[in-house]
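Asks: If you scroll down you'll find the structure; I have some questions about it.
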Amino acid sequence: MIKAGFARVDVTPPLGTPIAGYFSVRLAEGVLDPIELNAVAFGNEHESALLIAADFTGMTMARITPLRARIAAMTGVPAERILITSLHQHTSIYVGDEIGDAEDYAMIKDGAYLDFLDRKFCDVAKMALSDMSEARLLANEGATEKMIAFTRRYVMPDRTIRTNPPSKYGVPVRRTEAPDNTVRLLRFVREGKCEIDIVNFSTHPDVISGNLLSADWPGFVRRFVESDRPDVACLCMVGCQGDSNHLDFFKPKEERFPEGMGYPHSRYMGRMIADTVGALLQDGTEHTGDTVFGGVKLIYNKTNTAGEEYYDEAVQFIADYEAGEPKKTAHVTDIAYAMRVRRLLTAPIRRAVPVTVLGIGDVAFVGYGGEPFTHYGTAARAGAEDKTVLCACCANGYEGYLLTEQAFREGGYEAATSLYTPGLEKQCVDAALTMLKQF
């Protein structure tokens, strides 16, 4: 017998909190909409698992690992059956493990808030478990009516690869890969209690910008799904998004935002996804297997040491940048590249990336501990045709961009700034498929 439960808590940080992203200091000046933790507990009469989605830019593995152990101690759910995924909104916080990170200015260091946050993670887990009741599990998927996710890496006329290319580089020739505009839906339908919907979509939640806290389009998805059907609780989960966002550079700038830039476009995306959810209610496959499974495997990939001979120059470049000197002319690739080189002073020979598989019956969540490219999800689903697979980014850790081998060869922003080296894709996907076959 399948059982499921849901819980939500508000963890909106105080004003003045650093907002992560964009390689510059941004402090929260207000709140557009709440920053939340949403949790789904699922299992059978004897065993349970927990999926917790946090409206954060990311949480490092060093922060999440002891948190999962604490949740396990308080709930009895084994740590290997707890998946915490950050939704990677760029209008929220980054939760690290120590002061001194290369992007120190973006890390929240408010000890009182961090203690509160740990308690809230435990609270939402316990509440979701307490809410568990018998459920039917239905799954379906379908594309949005209009494209709202676009591969952000383009081949330019000079054959170079540019991420979100400015017009000065010319008109793009083609995208490096096809984007994924598929909405994947899981429904736990419960008698006498609210239905629980897990909505999975893959693109960067980087639509709004500015200094106001927001859950971006995943927040709109939750609110629209729940307002369309008031007897539903919704958890939104962001999939493999490292090479995609909401911008179509084949369109003139004035045509890219049908309802306006920023918050209006985020709302538009949420509405498109929620409308797709509504269309997916008509059909769907019922899953009856109730065996609970979960595991986390660490893969170790050699650290990217390219540019180590420029360490001194990188340190000076970042010092000048943080002092404000080259901010008007510095390109984001140069900034991120210098930050990566600066970290090489104390970098390990190999870096760990957590790969998580969690599920029930023949339904599985595959979580990668960073920003996986779209192909990570495609490969996991193709290699596990006997299961319905939903993917999560920034899962049980946030360890940077997770590129494909092809992207490493192509170069560009992500390849220049990645902490990892070719072979990463195969290691991560193989780890996921091994666990999927094991369970």
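The values are calculated or read from the model by the stated rules, or taken from the named source; none is laboratory data. Note that the structure is predicted; figures quoted are calculated from it, not measured. Quick reminder, even Gly has a Cβ in these numbers, built from the backbone with ideal geometry, and neighbours come from all protein chains shown. Accessible surface areas use protein heavy atoms only, side chains included; no ligands, DNA or RNA. Shrake-Rupley method; radii C 1.70, N 1.55, O 1.52, S 1.80 Å.
Asks: Rounded to two decimal places and with Rh computed the Kirkwood way over Cα pairs, what is Rg over Rh for the stretch 15-114?
Replies: Over the Cα atoms of the stretch 15-114, Rg/Rh equals 1.02.
Asks: Can I get the semi-axes of the stretch 269-390's equivalent ellipsoid? Compute them from the C-alpha gyration tensor as square roots of 5 times the eigenvalues, in angstrom, largest first.
Replies: Three semi-axes, in Å: 42, 22, 10.
Asks: Mind checking the angle between helix 332-342 and the chain's longest principal axis? C-alpha axes, 0 to 90 degrees, to the nearest 10.
Replies: Tilt relative to the chain: about 90 degrees.
Asks: Between rounded, prolate and oblate, where does the stretch 49-100 land on the alpha carbon gyration tensor, with a ≥ b ≥ c its root eigenvalues, rounded for a/c under 1.5, else prolate if a/b exceeds b/c?
Replies: oblate
Asks: Now a separate question. Which one, Y376, P13, V389, projects farthest toward the positive side of the charge dipole computed for the chain from Cβ point charges (K/R +1, D/E -1)?
Replies: Y376
Asks: On to the next question. Please report the carbon-and-sulfur percent of the accessible area for the stretch 104-171; probe 1.4 Å, protein heavy atoms only, DNA, RNA and ligands left out.
Replies: Whole-percent figure for carbon plus sulfur exposure: 49.
Asks: Now for a different question. If r is the Cβ-Cβ distance from D10 to D430 and R0 is 41 Å, what FRET efficiency results, to the nearest 0.05?
Replies: Efficiency computed from Cβ-Cβ geometry: 0.60.
Asks: Would you give the gap between the C-alpha center of the stretch 146-163 and the C-alpha center of the stretch 320-380, rounded to a whole Å?
Replies: A separation of 19 Å, based on Cα centres.
Asks: Next question, about the same structure. Taking a probe of 1.4 Å, how large is the accessible area per residue of the chain, in Å²?
Replies: 39
Asks: Also, I was wondering about something else. In Å and whole numbers, how far do the C-alpha atoms of the stretch 353-439 stretch along each principal axis, longest first?
Replies: Principal axes ranked by extent give 40, 22, 16 Å for the Cα atoms.
Asks: Still on this structure: Taking the Cα centre of each part, how many Å lie between the stretch 406-439 and the stretch 276-317?
Replies: For the stretch 406-439 versus the stretch 276-317, the Cα centre distance is 9 Å.
Asks: Moving on to the next point. Tell me which aspartates and glutamates have Cα within less than 19 Å of K426's Cα, excluding those fewer than 8 residues away on the same chain?
Replies: E177, D243, E371, E385, E399, E405, E410, E414
Asks: Hey, what angle do you get for helix 216-228 against the long axis of the chain, alpha-carbon based, 0 to 90 degrees rounded to 10?
Replies: Roughly 20 degrees between the two axes.
Asks: Mind putting a number on the dipole of the chain about its Cα centre? Charges go on the C-beta only, +1 for Lys and Arg and -1 for Asp and Glu, and I need it in Debye to the nearest 20.
Replies: Computed about the Cα centre, the dipole is about 380 debye.
Asks: Now a separate question. Principal axes first, then extents: for the Cα atoms of the stretch 224-276, list largest minus smallest coordinate on each axis, whole Å, largest first.
Replies: Computed over the Cα atoms, the extents are 41, 25, 17 Å.
Asks: Let me ask something else. Could you work out [θ]222 nm for the chain from helices alone, using -39500 (n - 2.57) per DSSP H run of at least four and dividing by all its residues? Round to the nearest 500 deg cm²/dmol.
Replies: -9000 deg cm²/dmol
Asks: Another question, then. I'd like the orientation of helix 424-438 relative to the chain: the angle between its Cα long axis and the longest Cα principal axis, in ° from 0 to 90, rounded to 10.
Replies: 10
Asks: Here's another thing I want to ask about it. Checking the a/c ratio against 1.5 first, then a/b against b/c, what shape does the Cα gyration tensor give for the stretch 80-213?
Replies: Oblate.
Asks: For the chain, set up a GNM with springs between Cα atoms under 10 Å and report which of Y310, Y113, Y263 has the largest fluctuation.
Replies: Greatest mean-square fluctuation among the candidates belongs to Y310.
Asks: Now for a different question. Taking trypsin sites (Lys or Arg not before Pro) that fall in a DSSP loop and have at most 13 other Cβ atoms within 10 Å as cut points, what is the longest piece of the chain between them?
Replies: Here the longest run is 160-326.
Asks: Scale the Cα Rg of the chain by the rule-of-thumb value 2.2 N^0.38 Å and send over the ratio, two decimals.
Replies: In units of the 2.2 N^0.38 Å rule of thumb, it is 0.93.
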